[in-house]
1. May I ask for the angle, rounded to the nearest 10°, between helix 115-127 and the longest principal axis of the chain, with both axes built from Cα atoms and the value confined to 0 to 90°?
2. If I take the Cα coordinates of region 212-264 and project them onto the principal axes, what are the three extents in Å, biggest first?
3. Take each of the peptides 112-124, 226-238, 252-264, 201-213, average the number of other beta-carbon atoms within 10 Å over its residues, and list them starting from the highest.
4. Compute the signed sum of charges (Lys and Arg +1, Asp and Glu -1) over the other residues within less than 15 Å, Cβ to Cβ, of PRO55.
5. Report, in listed order, any pair from LYS170/LYS214; LYS142/LYS242; LYS149/LYS202; LYS184/LYS214; LYS171/LYS242; LYS145/LYS214 with a Cα-Cα distance greater than 18 Å.
6. Quick one: net charge of PHE98's neighbours, Cβ under 11 Å, K/R +1, D/E -1?
7. Sorted by mean Cβ packing within 10 Å, highest first, what order do the peptides 45-58, 171-184, 150-163, 97-110 take?
8. Between region 195-218 and region 231-259, how many Å separate their Cα centres?
Amino acid sequence: MTAPVLPGAEPFSHDVPADPDADQATSDTANTPATPRVGVLLCHGFTGSPQSMRPWAEHLVAAGFGVRLPRLPGHGTDWHDMQVTTWADWYAEVDRAFHELLAGYDRVFVVGLSMGGTLALRLAERHGADVAGLVLVNASVKPDKAVIKLVPVLKHLVPSVPGIGNAINKKGVSELAYDRVPLKALDSFAGGWRTVQTDLPKVTQPTLLFRSGKDPVVHPSNSAVILSRISSTDVTEQVLEKSSHVATLDHDADQIYAGSVEFVRRVAGLGN
């Protein structure tokens, strides 16, 4: 039986009302392009929850964008629930939310933290120009610790190991994440790494990449791999000097929020 969703871990969505006068305005000014409606999909990280992305989502709403922030299967309840979910389940959920936005908006951007960045890259690899742009925060595309090579065996011996969540420098702020890492789920995530890294050259979209200067969870070499292998020509990297892994809740969060809005507006052609 699935555990109840933890308070604060709920999914979040917001839609921008359609302008009832838009069609008339377009017909009146046939040579003037209509302002595109923009949607943004936010993807949270491994063993985390929408709580780590909620302030960012609310900032995007305030900027006038439609938003989807799904809760990945097995997340935001109890770590045991995650043991029976896989990379395919997590991808299917963000893909569902992506298509929901695609049906109602002219431009859809995808942003992600950690494994959420991995999922964002996979969406870009598979959906091409339908993904208008990417914003990645400490995205993960490879195993950083030697012990991960042992996970295919360890998962049959022990169900979990100590958690990786709550890597935040800012005092008084915490992440709603599991205190255990379910090894069957981690082994499935490793398969996602391999798939995403193989297909990185398929990523051609404008990309804004944030990485923490000191990240105890995702090594900076992940960002180097992404930047060296994607085919995008519009690429910006920003280093977050004061933040740990969960930078979306840390000292540099405002830099991420403001930078992402500026990026989306520029790429979508919305001006300032």
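Where a number appears in this text, it was derived from the coordinates with a stated rule and is not lab data. If you're wondering where the values come from, they're calculated on a predicted model, not measured in any experiment. Here the Cβ is made from the backbone with ideal geometry for all residues, glycine too, and neighbour counts use every protein chain on show.
1. 50 degrees
2. Principal extents (largest minus smallest coordinate, Cα): 31, 27, 13 Å.
3. By packing density, highest mean first, the sequence is 112-124, 201-213, 252-264, 226-238.
4. -4
5. Where the Cα-Cα span goes over 18 Å, the pairs concerned are LYS142/LYS242; LYS149/LYS202; LYS184/LYS214.
6. Around PHE98, the charge tally is 0.
7. Descending packing order for the listed peptides: 45-58, 97-110, 171-184, 150-163.
8. 12 Å
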